[in-house]
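Structure, as structure tokens:
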Amino acid sequence: MTYLSGASRRAIAALAEAIDPLERVAAVRHASAALEREPALLAAVRESLAADATWETVADAAGLGVAAAKWRWQGTDDQIADRQAAGRKRSSRPSSVPADLPGQSVADTARALGLTAQAVYLRISRGTLRATTVTLEDGRSYKRVFPADPGANAG
């Protein structure tokens, strides 16, 4: 295991020494996280690809789909770091739409008017429906529609 970083070796050693069941749970999680960040893993992937391995065989060896393997390991160090940072940014966002946004969503407007979402966007572009894009502090954006009289815009 001399190819592993010091952080990974320490995490594995802590796992091997854990006696208490909860301590083992935490040690497994810590070792797993350390191994996921292990520079030797990326080096092994790059060596395999340089030796004519395919992304399919790399993904199979890692227990991943091809797209997931490429997302983790394809490109330069900077490209990989950028993808991971973007992934962390996305995962830190709430998964639900805030309930306190002004106006209506495009989907709600479409249901209320008996239209498709595409028809609502068409009316917005033609100026027969008023809408704005609301951007939250975390970067999420929502198109919000302000129908003056939903019945008047139907048909």
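None of the figures in this text is laboratory data; all of them are computed from the coordinates on show. Being a predicted model, the structure only gives us computed values, none of them experimental. Methodologically, a virtual Cβ is constructed for each residue, glycine included, from the backbone with ideal geometry; neighbour enumeration extends over all protein chains shown.
Structure notes:
- Residue in region 45-86 that is surrounded by the most Cβ atoms within 10 Å (Cβ to Cβ), counting only those that are in a helix (DSSP H, G or I) and acidic (Asp, Glu): 60
- Residue within region 87-101 that is touching a residue at least 24 places away in the same chain (Cβ under 8 Å), touching a strand residue (DSSP E or B) at 6+ places or on another chain (Cβ under 6 Å) and surrounded by 10 or more Cβ atoms within 10 Å (Cβ to Cβ) present: yes
- Some residue of region 50-66 being among the aliphatic types (A, V, I, L, M) and in contact with an Asp or Glu (Cβ under 9 Å, 6 or more places away or on another chain): yes
Yes or no, residue by residue, for (1) hydroxyl-bearing (Ser, Thr, Tyr); (2) more than 20 Å from the chain's Cα centre (by Cα); (3) more than 30 Å from residue 146 (Cα to Cα):
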site	(1), (2), (3)
8	yes, yes, yes
16	no, yes, yes
33	no, no, yes
50	no, yes, yes
55	no, yes, yes
63	no, no, yes
69	no, no, yes
109	yes, yes, no
